[in-house]
Amino acid sequence: MSVVTLIEYLAVIAAAIYGVLLASRTGMDFVGSFSVAFLAAFGGGTLRDLFLNREPLFWIGNPHYPITVFVICIIGAFTIDHLPRIKPLLLVPDSLGMAFFTVAGTAIALGSQDSWFIAALMGAITGTFGGVLADVVCNEVPTLFKPAPLCATCSFTGAWVYVIGDHFQFEQVTMTIVSSAVVVVFRLLAVRFDWRFPPLRSC
Amino acid sequence: MSVVTLIEYLAVIAAAIYGVLLASRTGMDFVGSFSVAFLAAFGGGTLRDLFLNREPLFWIGNPHYPITVFVICIIGAFTIDHLPRIKPLLLVPDSLGMAFFTVAGTAIALGSQDSWFIAALMGAITGTFGGVLADVVCNEVPTLFKPAPLCATCSFTGAWVYVIGDHFQFEQVTMTIVSSAVVVVFRLLAVRFDWRFPPLRSC
Amino acid sequence: MSVVTLIEYLAVIAAAIYGVLLASRTGMDFVGSFSVAFLAAFGGGTLRDLFLNREPLFWIGNPHYPITVFVICIIGAFTIDHLPRIKPLLLVPDSLGMAFFTVAGTAIALGSQDSWFIAALMGAITGTFGGVLADVVCNEVPTLFKPAPLCATCSFTGAWVYVIGDHFQFEQVTMTIVSSAVVVVFRLLAVRFDWRFPPLRSC
């Protein structure tokens, strides 16, 4: 199993566990848990694929991903009381996942000849909008949109690093590693030191 | 009018009435009522068509469907006080509708060479996500995701029956009838005997 | 800069300011503000493009639009205390924007050989659903769906004027002006005289 595939799997698994935890807080049952986990894991990439008219959607082309999420939800249903304890452990795979999805989204948008701003935006949407959709379905104002440790900003910054690296024709491997590292380090620092935007009102 | 067309019409009508009732509970006006009824009737199929990149969307290709929903909403606006009384009568057309949409979704996904799991998932999404979208727009946690008599599970089960029947190359008519019957009977039994998943928390 | 481009810009700017105001009321930060402004400005057109399978999406093909929204959000973050004061001034650009998006949506749907009803519906969706999506993400029941001065109805009426004009082969310029005027005048009158549908319940 290559490193990329491993990170991709980690990203899907971390997002799915996030979804299961969110669903259980909202008092959902197994169907809700699977749906929310699904949205969290595949929502961002699905938006990207729909926006860029790519076919097939990445989870339709890789059906072992939805099956993985399904299995996680079954395991989650039986171990839900222990899940919150592993939540802190999710920060790193979660950040890795966001970094991975960000780079994938940016690279695909650049491949479609989209402009720099659109490519960076697509990276950030791919990296973060799964969680947004999961929150909306759970009838909550998305965490991403409220004052909280920077998240989309880390993804957007990493996407710009990739875009600029692409412009200067760095090797793809280098760009992937560097911009992923930017996302992960920026995100971990933001959580550690509680970097955040102020709410709009108090500006 | 063939039996399939009749069921399809019943499905659209039942979903639209569900939407009108939901909109009136939320204090909406005619525009809200039409939008929610529209989502309830066409939301699942629209997601399926977008996900599988099918063109035109089924309600764009069959414009008499949206017109039917529009007419139902006009009638609904003038008879809203009597609508709740017919709600119990909707269980059977609703189940038939779910069965029909499930089979249609599964068959279309199998026709796109999608894997078994994806096909079954697409069937369940087509069968049930109209109601989910309608609930989200009405600012409610989707009923489908909360402990309640099994619904998506019935759809998913029927979809698997169709997928397996397709693998063993049964005739399409047989598979359609059998898997629809599974959905309808399973759903009616679930409502009658209140079969449900527990909420995740109490597992 | 042609008149059409000017109106289009006004429409995007008015929608973006609407989004910033909505986001600030919900206590969001800059990321939320940009996301909601983005949805308000591009949500309706994105739905139309996805439904009609048009590629690229209009904001991907015109990347200066998202950049404009981004700049508005930055300015908005520093001037948020003054924004509510300019809200009343937004009614006219907002109506112009709705008119513009309505005509654009209707014309595009007619160009895809869609039926009259679908074309008018697509016009109204393009004209009004940005605000609906923004409201849903902010966890509010969409204003458009609740008893309030007519809005979607003005858009739908203007769309029908365009559809009928197209049937009688009027010149496109004439149709654009006449149906835009219908939308704007109808909307301004509706706000001035508080024309609205009753809530469904009290019918």
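The values are calculated or read from the model by the stated rules, or taken from the named source; none is laboratory data. Because the structure is predicted, anything quoted here is derived from the model rather than measured. Heads up, the Cβs are rebuilt from the backbone with ideal geometry, glycines too, and the neighbour counts pull from every protein chain shown.
Taking region B:86-106 as the region of interest, how many residues are more than 16 Å from residue B:7 (Cα to Cα) and at pLDDT 90 or above?
Initial filter on region B:86-106 (more than 16 Å from residue B:7 (Cα to Cα)): B:86-88, B:106.
Still in the running and at pLDDT 90 or above: B:106.
Residues flagged as more than 16 Å from residue B:7 (Cα to Cα) and at pLDDT 90 or above within region B:86-106 amount to 1.
Would region B:78-98 turn up any residue that is closer than 23 Å to residue A:46 by Cβ and either polar (S, T, N, Q) or free of Cβ contacts under 8 Å to residues at least 12 places away in the same chain (or both)? No, because not a single residue in region B:78-98 is closer than 23 Å to residue A:46 by Cβ and either polar (S, T, N, Q) or free of Cβ contacts under 8 Å to residues at least 12 places away in the same chain (or both). Flag set for residue C:127, criterion: farther than 24 Å from residue B:24 by Cβ and within 15 Å of the chain's Cα centre (by Cα). Which of the residues belonging to region C:138-183 are touching an Asp or Glu at 6+ places or on another chain (Cβ under 9 Å) and of a type in the set (Val, Ile, Thr)? Correct list: C:141, C:143.
So in region B:160-203, with the set limited to residues that are in a loop (DSSP other than H, G, I, E, B) and of a type in the set (Asp, Glu), which one is farthest from the other protein chains (Cβ to nearest Cβ)?
At the first step, the residues of region B:160-203 found to be in a loop (DSSP other than H, G, I, E, B) are B:168-171, B:194-199, B:203.
Now restrict to residues that are of a type in the set (Asp, Glu): B:171, B:194.
Values: B:171: 26, B:194: 13 Å.
Only one residue fits best here, namely B:171.
Working carefully through the options A:193, A:186, find the one that is of a type in the set (Phe, Trp, Tyr) and in contact with a helix residue (DSSP H, G or I) (Cβ under 8 Å, 6 or more places away or on another chain). Within the list A:193, A:186, the selection yields A:186. The residue of region B:1-35 that is nearest to the other protein chains (Cβ to nearest Cβ), among those that are closer than 24 Å to residue C:144 by Cα and among the charged types (D, E, K, R), is B:29.
Go through region C:103-137 and report how many residues are assigned to a helix (DSSP H, G or I) and within 11 Å of chain B (Cβ to nearest Cβ).
Narrowing region C:103-137 to residues assigned to a helix (DSSP H, G or I): C:103-111, C:116-137.
Now drop any that are not within 11 Å of chain B (Cβ to nearest Cβ), which leaves C:109, C:116-122, C:124-125, C:128-129, C:132-133, C:135-137.
Residues flagged as assigned to a helix (DSSP H, G or I) and within 11 Å of chain B (Cβ to nearest Cβ) within region C:103-137 amount to 17.
Examine region B:80-102 for a residue that is closer than 21 Å to residue B:28 by Cα, more than 10 Å from chain C (Cβ to nearest Cβ), buried (at least 17 other Cβ atoms within 10 Å of the Cβ) and not small (Gly, Ala, Ser), and state whether such a residue exists. Looking for residues that are closer than 21 Å to residue B:28 by Cα, more than 10 Å from chain C (Cβ to nearest Cβ), buried (at least 17 other Cβ atoms within 10 Å of the Cβ) and not small (Gly, Ala, Ser), one finds none in region B:80-102, hence no.
For residue B:79, the test of being under 11 Å from residue B:155 (Cα atoms) and β-branched (Val, Ile, Thr) is failed.
Considering region C:107-137, the residues that are closer than 22 Å to residue B:32 by Cβ and of a type in the set (Ser, Thr, Tyr) include one that is surrounded by the fewest Cβ atoms within 10 Å (Cβ to Cβ), namely C:128.
I want to confirm something. Restricting to region A:138-151 and keeping residues that are more than 9 Å from chain C (Cβ to nearest Cβ) and in contact (Cβ under 8 Å) with a residue 24 or more places away in the chain, which single residue is surrounded by the fewest Cβ atoms within 10 Å (Cβ to Cβ)?
Filtering region A:138-151 down to residues more than 9 Å from chain C (Cβ to nearest Cβ) leaves A:138, A:143, A:149.
Narrowing further to those that are in contact (Cβ under 8 Å) with a residue 24 or more places away in the chain: A:138, A:149.
Working: A:138: 23, A:149: 18.
Looking at the filtered set, the residue picked out is A:149.
Can you tell me how many residues in region A:56-79 are aliphatic (A, V, I, L, M) and within 10 Å of another protein chain (Cβ to nearest Cβ)?
Matching residues across region A:56-79 total 4.
Taken together, the residues in region A:152-193 that are among the polar types (S, T, N, Q), closer than 30 Å to residue C:138 by Cβ and free of Cβ contacts under 8 Å to residues at least 40 places away in the same chain amount to 1. Within region C:36-55, residues that are more than 13 Å from residue A:52 (Cα to Cα) and within 11 Å of another protein chain (Cβ to nearest Cβ) have Cβ atoms under 7 Å from residues that are of a type in the set (D, E, K, R) and crowded, with 23+ Cβ neighbours inside 10 Å in no pair, counting only partners at least 6 apart in sequence or on another chain.
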